[in-house]
Each structure stands twice: as structure tokens, then as C-alpha cells.
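Written out below as C-alpha cells is the structure these notes cover.
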Amino acid sequence: MSRHFSGRAVLSLLGAAIVAAAIVVGCSGGGSSSTTSSVAAGGSAAAPASSSAPASGASGASGATAGGTPTQPVTHPMDVATYHNDIARTGQQLFESVLTPANVNAAAFGKLAVFAADGPVDAQPLFLAAVPIAGGTHNVLYVATENASVFAFDADTGATLWKASTLASGETPSDDHRCGQITPTIGITATPVIDRARGAMYVVGMSKDGAGRYHQRIHALDIATGAELFGGPTEIAASYPGTGVGSQNGRVVFDPGQYAERASLLLLGGIVYTAWTSHCDIMPYTGWVIGYNASTLQQASVLNVTPNGQMGAIWMSGAGLASDGASIYFLDANGTFDATLDGQGMPIHADFGNGFLKLATTPTLAVTDYFQPSNTVQQSSADEDLGSGGALVLPDLPDASGAIHHLALGAGKNSVIYVVNRDSMGKFDSNADHIYQEVVGQIRGPMFGMPAYFNRTVYFGAIGDSIKAFTITDARLSSTAASQTPTSFGAPGATPSVSANGAANGIVWAAENGTIAALHAYDATNLARELYNSRQAGARDQFGQGNKFITPTIANGKVYVGTRSGVGVFGLLPR
């Protein structure tokens, strides 16, 4: 990835009666809301019946409180506890009752504040409603920075509730190796994940000590105080059988100075999964996925996807490992792929560089299926790899005969949309792509981000292209865009988010990079209709310098957008 801009059951639809039972009290603004919702173990608040939404899985599964007592997840429907809102990475916020296409315009909507931080905000801000803190109850925005800090802001007032650092004594954030992928320092890059049941926010921090040694650590921070939980942090170290680049005595070894945690964390089945990219494309490096027990921070699983080769890092421009509740899906960056296959169609040396991969989590973390473009070797050689974009798991979709399909999709640098059947992904054939569907020539630039999903529509924002909406009919993506934005987005394109109230009032939100960042809002049913952008009111709504791979967070009538120095906050203007 040279020179980067750098289980089916959970996907069933949920009835309106379930929603009514799950939502105890309606959402409201203000910092003292006490709205909560309890759900059965293994899920989170039900989505509106008409949304066709995958289960959010914000808490992953029932777990334990900070003290170790087993408990069911308790979540609020408005929470954004993981990257792009859910483990499927759909990017849809379906409980937004304040913002509508009627009131999101420059006359009624705009910048409310900027929450200042101490460094670039590369991670998506996360939001929890009604968190008890210091004798009060607050809606909380959690913001991580490349200065290795985590801020808990009152999401309504901007007051700092607590601040924590992931640095050990005498350490600084990592240097950037004098390249611009993550700069000027590397502290916290990946979007954390929150488990309200355990009262913990999981975050990976990189640092450098006084002797010049690099460190990667996983922390569990108390959501109410920022204190370390479960005896953490844990130093990230790993090895895996293999003879690939950087191997020692028949094992490839994880060197913390060679890697950065760009991909967002995934919490699944009580395990926090981390995925690793190279630190500034400096060899040697390979492709790692490492899991940690959410209750103990002890290492639970390790997988290397290029153990007998090289490269194959996991970038995805900040997108997270995706899941259908059983397996894990992601797009791997360019690297070694063994074009000679065994009798099961798997590469003989277990090297899966530049692939669309499916991992099983039990009994061990392992690749169980994959799709590889027929020209994968040429793609890797030309640095035209699949892994620049993120994977999205679609909800169960019926075709014209009523048969249900289990699909996922993604796109990379070659601007081809790949739609895979999660039950049989297609594997590799040098003569042809055996895949559920390919859409070619419809997105006009490379993908350095990921799409969003809402109401049987998928929204892509490639570099130098408009955001384009592709509708789903009979379990197939439309061959051309149904609508597109009037705005083209330069590098790195856009990773859109969607707000809606169930299936109604859909709005597509996107951040535009630049010396002066911009926030855009479009009608989800027709992207040609721009509702708002932050340039329409002159300087009134300017909120700071843009940043790469920024994903807007929508919660409780507000939109939060990361910048190089903090978070811009947007909402309905005071009257």
C-alpha cells in the first residue's frame, strides 16, 4: 500500500413491536437526559422495522462490569459506540428525530461550537447518551487525538468531563518517520470501541520512550472517569508461524515500530480485534489481526494473513473490520498472494495479500473464505490494491424469487465495486472473477474510505468523484448510480454517514478535506439536492482545517466532525 493518503441471524429485520418495547423513553436534547434502553444479551437496541438495518452490535455480547459481574448490555438507541455506527459498518444513525431535510439549511442549521483538542482527530468521535459522571448525567462525546489523548466532552456544552493519556511516564507520541501518512505524531489513530456493559472504552495508543523504543498498547478506559481498567494497559506483542519477511526461527514477529493501528477496533463476542498496517510503508511488514479479551486485556487470538510473504497490511483508510455477528470481513492491502491453490482453493502458503477476506473467530482466528481479483498479482505490483477501501456487510436481501442473499461489498484503488456472497466468496481464478457481482466504471476514482448503507441504497465517495447512490433491487446493486452529488470530493474522497428517523428523513452527511474543511448534507433520496454546506454562510460555519478519512458522527440533533485540532459541532441554530 505504498504512499497512502495515509452468521446471518443478526441481520434479520426487527418488528415495530420490538422497537416499541426496546425504546423506553424518547430522545431529547440537553445534558441531563436519562434515556436508556435494555436489550437481551448479544444485541443492542432494535432498529426501526422499516430500516432493513443490520443489528448494531455496539456492545458485542453480554459481558461484565468493571468489577467483573456478568451483565446484559445496556445501550441507548442514539449511541455511536463503534466506527460507522455498527459492526456491519453501515454508517446509519436511525434514531435521529431532530434533524430533517426540512430544517437542515443555512438559515436554520450551522456551526454551534468547536471542541478544542490537543492534536489531530483521525479517529471518529464516539457518543454515549446519559452517562453518570461525578454525580451528574451527561451526553458524552469521546474524542481521541494523535497526541495520545482521549477527551470526554459534555456533548451539549463542550465542557471537558475528563481527559486521559495513553502515554507511559517519560514517553511521547510516536514520531511520523518523516512521512505524511500520519503526521506530525502518531498517538491514537484508530477509532476506539465502547462497551457500555463493561463500562469500558478500548483504545490503542502508540508511543516512543526515552531510549527510542516504540510501543503499541491496548487500553480499557472507564467511560465515566478515564481510569485504566482490567489491569491495563497491555503491551501488544505477537508472533506467528511463518518464514515471511522479518521472520525469526520460523516465526514472523510483530515489531511495534513497524506498524500503526489505522483500522478501527471491532468488539465481537467479548474480544477486541485490532488490525495493523505498516508504519510509513517501511519494510519489513506483514498483515496482522490480533484479538484481546475485553474483560482481561489478555491476548486471545493472533492471525497473520501473509505469514510466508510480505506486506498485506490492513489499511482501509481508517475503516473498521466488519462483521455479520459471526465472521469478520475486511479488504487487505497489496502483498503476497500464493496463486497456486490447494484442493480447497486456498493459497498453498496461506498468503492472502490484496484480498477480500472472511475470518472465523472460533475455534481459532483463521481465513475461511476469500475473493481475489483475477489480476491480483498485477494489482499488487502496480500498487493498485483492494485494501485502500473498507468493507460493508449488507443486511439479508431477498431476490425476486424470495431467496435470501448474504452479501458484503467494497472497493479499492481500481474503482471496481466488488459484491461478494458471504457464503461463497469466489476465491481465485487467474482467468476470471467468480464473484456475486461487479460494478465497473461507475465510480470515477480510487476508494480511500468506505461506503454507507441506508434503505436499500449504498453511497460511495471516491477520490475526485461525486458521492453516488446505488440502489439495491432483487439483491443486486444497480449497474449505474441512481443519483449523485453536485460536489466532487478531492483526496481522500468522502466516507459518508446517514441520519434518519427509521426510514424517514434520510440525510447523507460528508466531510470535505481542505485547508478549510467543509461539512455537506444531501437528501438521501436524491443526492442532487444539497441541503446544506458549511460554506453557504460565509465564515460563520468555518470549523478548522480538514483532515483525511473523516467520518461525521450524528447523535441527538448534532453532527460532530473531526479536524486537525478538534471537533466541529453542528446543529439547529438558536432562535
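Restricting to the stretch 323-367, what's the tally of residues that are polar (S, T, N, Q) and surrounded by 15 or more Cβ atoms within 10 Å (Cβ to Cβ)?
Going through the stretch 323-367, the residues polar (S, T, N, Q) turn out to be 323, 327, 334, 336, 340, 344, 354, 361-362, 364.
With surrounded by 15 or more Cβ atoms within 10 Å (Cβ to Cβ) added as a condition, the list becomes 323, 327, 334, 336, 354, 361.
Residues that pass the stated criteria total 6.
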Of all the strands (runs of 3 or more DSSP E) wholly in the stretch 499-571, which have at least 2 residues that are among the small types (Gly, Ala, Ser)? 504-512, 518-523
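Of the residues Ala200, Ala220, Ala237, Ala260, which single one is of a type in the set (A, V, I, L, M) and surrounded by fewer than 18 Cβ atoms within 10 Å (Cβ to Cβ)? If you could, list the steps in order and put the result at the bottom.
Values: Ala200 fails: surrounded by fewer than 18 Cβ atoms within 10 Å (Cβ to Cβ); Ala220 fails: surrounded by fewer than 18 Cβ atoms within 10 Å (Cβ to Cβ); Ala260 fails: surrounded by fewer than 18 Cβ atoms within 10 Å (Cβ to Cβ).
Matching residue, one of Ala200, Ala220, Ala237, Ala260: Ala237.
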Pick from the stretch 550-565, criterion surrounded by 24 or more Cβ atoms within 10 Å (Cβ to Cβ) and of a type outside the set (A, V, I, L, M), ranking: nearest to Ser264 (Cα to Cα): Thr551
Test Pro120 against the stated conditions and say whether it is out of contact with any strand residue (DSSP E or B) (no Cβ under 7 Å at 6 or more places or on another chain), modelled with pLDDT of 95 or more and under 25 Å from Pro451 (Cβ atoms). yes
Go through the stretch 368-402 and give me each residue that's within 23 Å of the chain's Cα centre (by Cα), crowded, with 20+ Cβ neighbours inside 10 Å and more than 21 Å from Asp86 (Cβ to Cβ). Asp369, Tyr370, Phe371, Gln372, Asp385, Leu386, Gly387, Ser388
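To keep it simple, each residue is scored yes or no on (1) among the charged types (D, E, K, R); (2) assigned to a strand (DSSP E or B); (3) out of contact with any strand residue (DSSP E or B) (no Cβ under 7 Å at 6 or more places or on another chain).
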site	(1), (2), (3)
Leu99	no, no, no
Lys111	yes, yes, no
Gln124	no, no, no
Ala130	no, yes, no
Leu141	no, yes, no
Phe153	no, yes, no
Ser174	no, yes, no
Ile182	no, no, no
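What tally of residues in the stretch 244-266 results from selecting those that are within 17 Å of the chain's Cα centre (by Cα) and not in a loop (DSSP other than H, G, I, E, B)?
The qualifying residues number 3.
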Which of the residues belonging to the stretch 376-403 are part of a loop (DSSP other than H, G, I, E, B) and either under 21 Å from Gly464 (Cα atoms) or not aliphatic (A, V, I, L, M) (or both)? Ala382, Asp383, Glu384, Asp385, Gly389, Gly390, Ala391, Pro395, Asp396, Asp399, Ser401, Gly402
Could you please give the count of residues in the stretch 473-498 that are in a strand (DSSP E or B) and out of contact with any Leu (no Cβ under 9 Å at 6 or more places or on another chain)? 5
Would you point out which residue out of Gly514, Gly464 is surrounded by fewer than 23 Cβ atoms within 10 Å (Cβ to Cβ), on the phi > 0 side of the Ramachandran plot and either among the aromatic types (Phe, Trp, Tyr) or modelled with pLDDT under 95 (or both)? Gly514
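The values are calculated or read from the model by the stated rules, or taken from the named source; none is laboratory data. All values derive from a computational prediction rather than experimental measurement. Methodologically, a virtual Cβ is constructed for each residue, glycine included, from the backbone with ideal geometry; neighbour enumeration extends over all protein chains shown.
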